[in-house]
1. Which order do the peptides B:53-59, B:304-310 take when ranked by the mean count of other beta-carbon atoms within 10 Å per residue, highest first?
2. Distance between the C-alpha centers of segment B:83-113 and segment B:342-381? Whole Å please.
3. I'd like the orientation of helix B:161-171 relative to chain B: the angle between its Cα long axis and the longest Cα principal axis, in ° from 0 to 90, rounded to 10.
4. What does the charge dipole of the protein assembly as shown about its Cα centre add up to, to the nearest 20 debye, if the Cβ of each Lys and Arg holds +1 and the Cβ of each Asp and Glu holds -1?
5. Solvent-accessible area per residue for the protein assembly as shown at a 1.4 Å probe radius, Å²?
6. How large is the translational diffusion coefficient of chain B in µm² per second when you combine the Kirkwood radius over alpha carbon pairs with Stokes-Einstein at 20 °C and 1.002 mPa s?
7. Counting only other chains, what is the mean number of Cβ atoms within 10 angstrom of the Cβ of each residue in peptide B:407-413?
8. Whole-Hz Karplus ³J(HN,Hα) for segment A:137-143, in order, using 6.51 cos²θ - 1.76 cosθ + 1.60 and θ = phi - 60°, x for Gly and Pro?
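The values are calculated or read from the model by the stated rules, or taken from the named source; none is laboratory data. Quick caveat, the model's predicted, so the values are computed rather than measured. Here Cβ is always computed from backbone atoms with ideal geometry, including for glycine, and neighbour counts include all displayed protein chains. What goes into the accessible areas is simple: the full protein's heavy atoms, side chains included, and nothing from ligands, DNA or RNA. Shrake-Rupley method; radii C 1.70, N 1.55, O 1.52, S 1.80 Å.
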Amino acid sequence: MSSRRNFNPWAFILPGAIAGGVVLGVPVVQAFWTSLHRLRLYRLHDQVYVGLDNYSRLLQDPLFHLSIRSTVVFTAGCTVLSVLAGLMVAAIMSTRGIRGTAWARLFMAFYLVPFVATQVVVGMLGRLYVWEPEYGLVNFVLGLIAVDGPAWLISRDTAMLATVITNAWRLTPLAILIFYAALATVPDELIESAEVDGAGGLRTFMAIKLPLIRYHIGFVTLIQLTSAFREFDTVFALTGGGPGRATNVLSLLVYNEGISSANLGMANAIAFTMLIIVGFLSLLYMRLARLDKVGD
Amino acid sequence: MQRIRTYRRLSLALALALVVGLVTATFAQTTLRIAEHPGPHVGPMEDYFIPLYEELTGVNIVMEVLPPDQLWQRMQLEAAADSDYYDIGYHSPGWFGYYHEKVAGLDDLIEEHGFGIDQYSQAVVESHMINPALRPGEIIAIARNPQTPIYAYRLDWFEHQGEREAFQAEYGRELAPPQTWEELYDIAVFFTRPAGETVADETLTAPLFGYSASIIPPGGMARAFLAIVYSLGLEGWDEDFQTDLDDPILLEGVDYWTRLIEDTFPPQAQSWNFLEHLSFMRESRLATAELWPEGVLTIEEEGAPTAGRIGYALLPQWPGNRQDLPVGRSFIGGGGMLIFDTPNRDEAFQFVQWLLEDQATEFNLRTAMFARADQFEDPEVLGAYDFYDSFLPVFEEQMSYGFPRQPIAEWGAVMYTPVGEFASDVLFDVMTPEQAQQRLVDNMERIFVESGYVD
């Protein structure tokens with residue numbers, strides 16, 4: 001009876017574990033294997049083992065350092081902006097008097113559009129209709145208040161900002177959904193007690209709601225972080241990594257190395273390095289979350 | 001009752017025959033899939049040639065037009081996967097190395113169908129129809145629009161008395177098409193003006209820019225900057241695969257290019273793909289431009305505000321260039337059509353023959369693309385547009401200076417992409433010109449060693 005009880009969980013886990021191992025493990029191993037080789041797109045049958053040479057050259061490459069910096073700025077910007085915007089919108093939408101109204105439902109439905117839109121479409125929309133210097137929405141609005149807007153995606157000073165805002169706009173609906181659902185679980189009695197004690201809306205939010213949804217915030221942060229870190233489509237469609245290399249995040253570097261420069265070995269070395277960084281960030285988050293729980 | 005049963009059986013039989021017929025017809029109909037480059041041929045192919053061919057033959061044709069960089073990448077991936085997805089592809093000699101193993105040799109088809117290969121000049125055959133290094137002894141494509149860029153300018157503004165006097169006063173010489181790249185810069189700066197100023201007595205409602213090409217990196221930047229590289233007298237490497245890109249003159253070239261872009265290009269040029277800047281010229285917002293000849297109808301087609309107001313000139317000389325070239329030059333670009341080695345190879349060739357040979361005159365009239373001797377000699381073609389009188393002599397002379405790219409598989413990986421990145425990295429201060437040049441040279445030398453061209 002005891003051995004049967006021990007066997008059952010593994011029987012349920014095994015199919016998923018095998019499927020996961022095949023779907024995730026094989027490409028990862030293959031990517032790592034390719035990263036140890038010299039492999040050119042125009043000579044796919046000519047694979048030469050070079051050991052860690054690709055990694056060694058990568059670490060010395062100033063463009064890799066530049067892409068790391070761009071990726072850090074992009075990832076941090078998208079994560080902070082989308083989490084804060086998500087919290088703000090979810091807090092407003094879950095306020096009594098607004099929560100559950102037809103307007104709130106309409107707004108939520110409207111706000112889900114960027115979440116379900118194809119990333120390339122988001123990028124193209126941004127490029128053609130939002131940030132376009134002469135006819136774009138942003139400069140049109142700035143023009144109404146007599147401000148001469150810059151060429152957002154073409155200037156090195158503003159391209160990253162515009163790219164971060166566009167991608168954060170795409171990521172925010174997920175944050176809203178999760179925070180909205182989390183805030184709905186906060187007992188009304190707690191809020192009412194705080195209000196009886198004289199706490200205002202902001203104080204109630206900061207002192208009661210926010211601590212109660214901190215695991216959700218951590219979860220959303222991790223999701224947004226990993227999503228922004230490996231973002232390709234939106235940036236590619238919006239700026240192509242430019243101007244110059246101003247928005248050339250790591251995923252675009254992978255593409256440029258692998259396809260434009262035809263260097264598949266190096267592209268896989270970058271991709272595998274990205275995997276290690278994302279894995280490290282995820283482990284770090286889980287460790288922190290565990291420590292937090294122990295602290296409780 | 002019996003009659004009803006008979007009708008039912010008959011209806012069933014008819015329905016079955018219809019379904020079988022439809023299914024058979026669907027599967028029997030040949031579908032040709034074309035991977036195409038953007039350009040003035042796309043509209044006429046979509047609206048006229050493809051529907052006509054489908055009507056004449058029953059062959060179904062699907063054309064996919066992709067941005068240049070995505071086009072060669074897609075063709076490469078399909079070829080690597082051996083998918084037979086594309087039957088016909090756009091042929092650029094510089095990209096051929098990426099998928100050369102999947103391209104069909106055409107010699108037997110040319111002989112079988114009697115294609116007039118003698119209509120193409122030796123130079124065109126060598127630059128666009130053969131590749132001695134990768135496919136020796138074979139014809140691998142049919143040229144459609146071999147070309148090299150020339151200089152286009154607003155003739156009416158250059159002839160305007162007020163503009164001529166102002167230019168003379170400022171630069172101490174006549175306002176005329178530039179003889180050197182530095183003169184091109186001066187002219188471009190002269191015409192770069194903010195909104196509210198005038199040009200040829202007309203008040204500008206939007207800023208006017210002096211010169212432009214479409215320079216989205218890396219492909220667009222490479223295509224445009226290579227005109228400087230080749231004008232410097234550089235070729236990339238010699239017959240012993242020794243690079244000449246380490247020459248200090250390249251730094252002079254990139255310094256010039258950076259100044260030209262920063263001082264005279266519209267900022268949007270950095271996000272423009274092939275030929276997009278010509279739409280800007282058409283709107284009278286650009287005074288002079290690099291013109292790949294296949295874009296000429298954008299500024300000259302009937303009804304365009306710039307039609308009949310454009311002058312054409314050779315690319316200017318770079319004094320002190322390494323080969324003592326009398327004029328500027330770029331590579332011989334443009335392209336043709338190649339056939340992939342798919343089960344539809346024969347049908348694909350017949351379509352290409354029909355389009356580029358049987359319809360040669362009509363194709364030229366609708367696209368202004370030249371490749372064949374009969375197009376250059378046909379009175380109907382030559383009389384089609386007034387601007388041909390000034391355009392065609394320049395086009396032909398510039399072609400005689402064009403640089404035919406070295407036919408190696410690595411051309412894109414050592415020249416096209418890295419040169420575009422080099423110019424872009426210097427322009428945007430990603431690295432110093434010296435660092436960027438070293439990177440360019442290191443990349444080329446490493447790949448030549450990897451490929452076994454040098455020890």
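1. B:304-310, B:53-59
2. 17 Å
3. 60 degrees
4. In total the dipole reaches around 5360 debye.
5. Heavy-atom SASA per residue in the protein assembly as shown reads 46 Å².
6. 90 µm²/s
7. 3
8. Each residue of segment A:137-143 in turn: 4, 4, 6, 5, 5, 4, x Hz.
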